[in-house]
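K.L.:
Starting off with a structure, shown below.
The values are calculated or read from the model by the stated rules, or taken from the named source; none is laboratory data. Keep in mind that what you see is a predicted model, and the values were worked out from it rather than measured. Cβ atoms come from the backbone with ideal geometry, glycine included; neighbour counts cover every protein chain shown.
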Amino acid sequence: MSPSLRRLHRWIGLACALPLLVATGSGILHVAMTWTQSPPPRPEPPPGFAPAVATFPLASLPADLRIRSVQMRLLDDEPWYQVSTTDGVRYFSAADGREEPRLESRLALDIARRHLAAAGLPPEAFTHARRLDAFDREYAAIFRLLPVHRIEVADGRGTRLYVSTVTGGVARHTDDRRQLEANLFGALHKYNFIPHKPVRDALLVAFTSLAFLASLAGIVLFFVTRPRRTAAQTTRPLR
């Protein structure tokens, strides 16, 4: 039994050695990323306004709206109702009730500018790239919020902000260096270079199972192969 267990442990250990080295190395990289990446700047809080600026009553909005929630947003010193409906988000002026269908991209840019207010960048440094309604390789499912707006910043670092107009905050802040480290970690630790998720998950489970079996075989070998104490060793000498 012992030689068979020894061979099994040896070959399983060899099979999972490289994936285990990659996993532990990428785990070290994940910790090192917290040392090399500075935290994002503290965002500038949204401006406040008095209730009196909302002169258009909510009851006067279109009667066919199926409202889920309403928030107030101040953009360019003008108050707006952000109305979440069963058909999406719509914007109505809180001053005169007019609807502005293009306000969402402007609001996303305003949130991004306030997020990086400490950097002192001019407004023209911010560009609305696109709206994301599904996760992609850079904005992965771990960030949870959808939809978001990708805002690109001309700051020399390739900064990208993923902005949620519903929460009024930034769901993800990255740049070229941060993303390079994140891509390396994803490739080594999560096998993100494999495009098909079922194949990727199967390999992760297989290599993790091998590491588990190698550890289990090592524990069994420890007890199976430990030296046996003879009767002479266990007998205490008489005094």
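K.L.:
For the list (1) crowded, with 17+ Cβ neighbours inside 10 Å; (2) in contact with a strand residue (DSSP E or B) (Cβ under 9 Å, 6 or more places away or on another chain), I need the number of the one condition that A154 fails.
P.N.:
Unmet condition: (1).
K.L.:
So the check is Cβ under 8 Å with 6+ separation or different chains; which pairs have a first residue in segment 173-197 that's more than 20 Å from L145 (Cα to Cα) and a second one that's assigned to a helix (DSSP H, G or I) and among the basic types (K, R)?
P.N.:
Here the result reads K190/R200; Y191/R200; N192/R200; I194/R200, each pair linking segment 173-197 to a residue that is assigned to a helix (DSSP H, G or I) and among the basic types (K, R).
K.L.:
Counting only residues that are surrounded by fewer than 15 Cβ atoms within 10 Å (Cβ to Cβ) and either hydrophobic (A, V, I, L, M, F, W, C) or assigned to a strand (DSSP E or B) (or both), how many does segment 86-95 have?
P.N.:
2
K.L.:
For the structure I just gave you, tell me whether A59 is in a helix (DSSP H, G or I), surrounded by fewer than 15 Cβ atoms within 10 Å (Cβ to Cβ), modelled with pLDDT under 90 and assigned by TED's automatic domain parsing to the domain that holds A94. Even if it seems obvious, please write down each step before you answer.
P.N.:
On the way: in a helix (DSSP H, G or I): yes; surrounded by fewer than 15 Cβ atoms within 10 Å (Cβ to Cβ): yes; modelled with pLDDT under 90: yes; assigned by TED's automatic domain parsing to the domain that holds A94: yes.
For A59, the condition - in a helix (DSSP H, G or I), surrounded by fewer than 15 Cβ atoms within 10 Å (Cβ to Cβ), modelled with pLDDT under 90 and assigned by TED's automatic domain parsing to the domain that holds A94 - is met.
K.L.:
Given the criteria under 16 Å from the mean Cα position of the chain (by Cα) and in a loop (DSSP other than H, G, I, E, B), does L146 qualify? So that I can check it myself, show each step before the final result.
P.N.:
Details: under 16 Å from the mean Cα position of the chain (by Cα): yes; in a loop (DSSP other than H, G, I, E, B): yes.
For L146, the condition - under 16 Å from the mean Cα position of the chain (by Cα) and in a loop (DSSP other than H, G, I, E, B) - is met.
K.L.:
Also, quick follow-up: Mind listing just one residue for me: the one in segment 113-139 that is in a loop (DSSP other than H, G, I, E, B) and touching a residue at least 24 places away in the same chain (Cβ under 8 Å) and, of those, surrounded by the fewest Cβ atoms within 10 Å (Cβ to Cβ)?
P.N.:
Just the residues of segment 113-139 that are in a loop (DSSP other than H, G, I, E, B), to begin with: 116, 120-122, 133-139.
Within this subset, residues satisfying the condition of being touching a residue at least 24 places away in the same chain (Cβ under 8 Å) are 116, 121, 137-139.
Numbers: L116: 22, L121: 16, R137: 10, E138: 15, Y139: 19.
Ranking the qualifying residues of segment 113-139, first place goes to R137.
K.L.:
What are the residues in segment 43-56 that are assigned to a loop (DSSP other than H, G, I, E, B) and of a type outside the set (A, V, I, L, M, F, W, C), if any? Outline the logic, then answer.
P.N.:
So the first thing to find is which residues in segment 43-56 are assigned to a loop (DSSP other than H, G, I, E, B), and the list is 43-50, 54-56.
Selection gives P43, E44, P45, P46, P47, G48, T55.
K.L.:
Okay, next question. Could you please give the count of residues in segment 106-125 that are within 16 Å of L75 (Cα to Cα) and under 24 Å from the mean Cα position of the chain (by Cα)?
P.N.:
Number satisfying all stated conditions: 10.
K.L.:
Still on this structure, please answer the following. For V83, only one of the following conditions fails: (1) in a loop (DSSP other than H, G, I, E, B); (2) of a type outside the set (K, R); (3) buried (at least 17 other Cβ atoms within 10 Å of the Cβ). What is its number?
P.N.:
Single failed check for V83: (1).
K.L.:
Quick one: how many residues across segment 157-170 are surrounded by fewer than 19 Cβ atoms within 10 Å (Cβ to Cβ) and under 17 Å from the mean Cα position of the chain (by Cα)? Reasoning before the result, please.
P.N.:
Applying the first criterion (surrounded by fewer than 19 Cβ atoms within 10 Å (Cβ to Cβ)) to segment 157-170 yields 157-158, 166-169.
Retained after the next criterion (residues that are under 17 Å from the mean Cα position of the chain (by Cα)): 167, 169.
The total comes to 2.
K.L.:
Spot the failing condition for E78; the list is (1) within 22 Å of H115 (Cα to Cα); (2) modelled with pLDDT under 75, and only one is missed.
P.N.:
(2)
K.L.:
Within segment 96-112, can you find the residues that are at negative phi and not in a helix (DSSP H, G or I)?
P.N.:
Within segment 96-112, the subset at negative phi is 96, 98-112.
Answer for segment 96-112, where residues must be at negative phi and not in a helix (DSSP H, G or I): D96, R98, E99, E100, P101, R102.
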